[in-house]
């Protein structure tokens, strides 16, 4: 039986959610967020911490800033980036926990297959 509630949700309402997850679907952006978890950093510091080139780093910082995930604060000749909403790390923790659980289940499954083949 189809879920009536799901069929009534307007796709336009879900578009911002999909866009938000799209921003987070890039490994380099997750690296940047990981670096900014403890403190704000400028582009030079982020480049050293991530190993990303300046052009690539700037592109990702722009995407994260435009999405409202990061804020940019000019300080002298540099600009420092920080995470706007630390809830982003809770979201990442939930996802990582789920991936860990799934991998553990797969490992148990493979262990059972190993026992079966003996």
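Pick from 85, 12, 93 the residue whose mean-square fluctuation is largest in a GNM of the chain, springs joining Cα atoms under 10 Å.
Highest fluctuation among the options: 12.
From Cα pairs below 8 angstrom and at least 6 apart in sequence, can you work out the relative contact order of the range 4-85, rounded to a whole percent? Could you put the intermediate results ahead of the total?
Values: 73 pairs, mean separation 22.8, N = 82.
For the range 4-85, the relative contact order is 28 percent.
Report, to the nearest 10°, how far helix 54-66 tilts away from the longest principal axis of the Cα atoms in the chain, using its own Cα long axis and a range of 0 to 90°.
For 54-66 against the chain, the angle is about 80 degrees.
Given springs between every Cα pair under 10 Å in a Gaussian network model of the chain, which of 49, 67, 107 has the largest fluctuation?
Of 49, 67, 107, the Gaussian network model singles out 107 as fluctuating most.
Between 78, 34, 100, find the one with the highest GNM mean-square fluctuation for the chain; connect C-alpha pairs within less than 10 Å.
In this elastic network of the chain, the residue with the biggest mean-square fluctuation among 78, 34, 100 is 100.
If one takes the longest principal axis of the Cα atoms in the chain, at what angle in degrees, from 0 to 90 and to the nearest 10, does the Cα axis of helix 11-23 lie?
The two axes meet at around 70 degrees.
Is the range 56-118 best put as rounded, prolate or oblate by its Cα gyration tensor, with a ≥ b ≥ c the root eigenvalues, rounded for a/c under 1.5, and otherwise prolate when a/b is larger than b/c, oblate when not?
Prolate shape, in that a/c is at least 1.5 and a/b is the bigger ratio.
If you take the square roots of the eigenvalues of the alpha-carbon gyration tensor of the chain and sort them as a ≥ b ≥ c, do you get rounded (a/c under 1.5), prolate (a/b over b/c) or oblate?
oblate
Throughout, read-outs are computed from the coordinates displayed, never taken from laboratory work. Treat the numbers as computed from the prediction; the structure is a model and nothing was measured.
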